[in-house]
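The values are calculated or read from the model by the stated rules, or taken from the named source; none is laboratory data. Remember, it's a predicted structure, so these values are computed and weren't measured experimentally. Using ideal geometry, Cβ is built from the backbone for each residue, glycine included, and neighbour counts are taken over all protein chains shown. The accessibility values were calculated without ligands, DNA or RNA, using every heavy atom of the protein model including side chains. Shrake-Rupley method; radii C 1.70, N 1.55, O 1.52, S 1.80 Å.
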Amino acid sequence: MPASIDSGDRKLLLISGAILFVLTAGLAFVGVDPQEHGMSIPSTYSASSGGARAAYLLLQDLHYRVSPWERSPTELPIAEGEAVLILADPVESPTNEERGALKDFVEGGGQVLFTGGRIKAFFPDAKVDVQIPTLEWKTFSTNFPSNYTFGAQKIVLQTGTTWQGLVGSQLPLYGEARAPVVVSWRMGAGRILWWAAATPLTNSGITREGNLNLFLNAMNVPVPSDRGAVQIYWDEYFHGQRTSLWSFVRKTPVAWGLAQVAVLGLIVVFAYSRRSGPVMMPPVVSRLSPLEFVDTLGGLYERAGAEPAMVGLVYQRFRATLSRQLRLSPSVGDTELADAVQSRLGWKESDLKTTLARALVASQAKKVAPEEVLRLIRDLEHYEEKLGLKKKMAKEKP
């Protein structure tokens, strides 16, 4: 006969299965390669059609000082007229500190080549009209000659994004004058060169008409004449690349795998401790507490109607202790006992004789009111304390 699963084990099993399903679904969603869904990133590490591996290797072959930049913009060196930063379709947003560092880099004399419609997140003064991305190859002609359009009368882009609201420091290089697709933006001692799309530097777009010359012109800053004097930083930081091991691991399925292993380990430890832990009996409140004993004893006396016996017990104890202290016979009368207290101990109160007489009558009665019993016992205990009998009784206890 198969063993049945109790309700507690069944609930634990269902919860564990639900957690495992959620983690597996998250792993399947997060672990997807963006390029498998057509979201190409112009990264120097990508050899796909939307990658930028060819442009990066070309700069190396032409003896440009180019290197991937996988650190925060806050670490960028500011060297006037000698540095170019390529921000090709960044997918992550900068912090306020990083945004300020980029502005300082440009105003200090650096040049930024920015592609895509997210420029406003990096430079808030930019105004672009971002539309749905298109795969259509569009040709754009130059508006007038410049060092950035030399040898590139026409270029080809895959974009629907345009620049809006030009100001005096912004020069439209390609596209319509009021809605250009390439803009040169002067800022401080440096410059921002904006492209509506990264097509001219991608593996599939760099060979299109005029795109290669446009790309190489963007690498030639106005000051140095030697290519080797210009340092080109190709940003991979905002593509999600980081220099630390964890920053790399967290973007792979390994992180979710470790999370699943950790949760599974916790479930195993919980299940093992539940089965193999020490057997602990639940604490039981003792029924022998003093107050409960007093309540129980009082209830017994009340049901038995033993109020006279209670008064007699306290009365006899008081007489016996007092007579021993006064060196009198236990059979002495209450009146003689009270007179001896006044004469020998200098007792001034005259109610002792009355209290002893009332206690004697109550101890011999068949029925006494509980209120009267309580008053008599309190009075006798009061006299015991005043006459020092309680201390004597405590010493006589074994």
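One table, with the values for the structure above:
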item	result
Condition met for residue 130 (touching a residue at least 24 places away in the same chain (Cβ under 8 Å) and in contact with a helix residue (DSSP H, G or I) (Cβ under 8 Å, 6 or more places away or on another chain))	no
Residue list for the stretch 82-124, filter: surrounded by fewer than 17 Cβ atoms within 10 Å (Cβ to Cβ) and in a loop (DSSP other than H, G, I, E, B)	91, 92, 93, 95, 124
Residue in the stretch 131-141 that is of a type in the set (Val, Ile, Thr), buried (at least 19 other Cβ atoms within 10 Å of the Cβ) and not in a loop (DSSP other than H, G, I, E, B) present	no
Among residues of the stretch 53-67, those that are buried (at least 16 other Cβ atoms within 10 Å of the Cβ) and within 15 Å of residue 235 (Cα to Cα), counted	6
So residue 341, is it more than 60 Å from the chain's Cα centre (by Cα), farther than 19 Å from residue 386 by Cβ and part of a helix (DSSP H, G or I)	no
Failed criterion for residue 69 (all others in (1) touching a Gly at 6+ places or on another chain (Cβ under 6 Å); (2) modelled with pLDDT of 90 or more hold)	(1)
Among (1) modelled with pLDDT of 80 or more; (2) of a type in the set (A, V, I, L, M); (3) more than 20 Å from residue 378 (Cα to Cα), the one test that residue 304 misses	(1)
Residue match in the stretch 313-321 (condition: under 22 Å from residue 367 (Cβ atoms), open to solvent by 60 Å² or more (accessible area, probe 1.4 Å), assigned to a helix (DSSP H, G or I) and among the aliphatic types (A, V, I, L, M))	yes
Search result, residues across the stretch 317-335 that are aliphatic (A, V, I, L, M) and within 20 Å of residue 377 (Cα to Cα)	320, 322
Pairs with Cβ under 7 Å, 6+ apart, first in the stretch 183-201 and touching a residue at least 40 places away in the same chain (Cβ under 8 Å) and open to solvent by 20 Å² or more (accessible area, probe 1.4 Å), second among the charged types (D, E, K, R) and in a helix (DSSP H, G or I)	187/107; 188/107; 189/107
Output for the stretch 27-52, where each listed residue is hydroxyl-bearing (Ser, Thr, Tyr), under 34 Å from the mean Cα position of the chain (by Cα) and either surrounded by fewer than 19 Cβ atoms within 10 Å (Cβ to Cβ) or at pLDDT below 85 (or both)	40
Selection count, the stretch 111-133, where residues are at pLDDT 90 or above and either of a type outside the set (Gly, Ala, Ser) or closer than 19 Å to residue 74 by Cβ (or both)	15
Criterion (within 45 Å of the chain's Cα centre (by Cα) and open to solvent by 20 Å² or more (accessible area, probe 1.4 Å)) met by exactly one of 154, 127	127
Conditions (1) under 50 Å from the mean Cα position of the chain (by Cα); (2) more than 24 Å from residue 204 (Cβ to Cβ); (3) open to solvent by less than 40 Å² (accessible area, probe 1.4 Å): number failed by residue 174	(2)
The stretch 357-372, subset assigned to a loop (DSSP other than H, G, I, E, B) and touching a residue at least 60 places away in the same chain (Cβ under 8 Å), residue nearest to residue 334 (Cα to Cα)	368
Residue check, residue 17 within 21 Å of residue 113 (Cβ to Cβ) and at pLDDT 70 or above	no
Residue satisfying condition, being open to solvent by less than 30 Å² (accessible area, probe 1.4 Å), in contact (Cβ under 8 Å) with a residue 12 or more places away in the chain, within 23 Å of residue 60 (Cα to Cα) and part of a loop (DSSP other than H, G, I, E, B), within set 205, 160	205
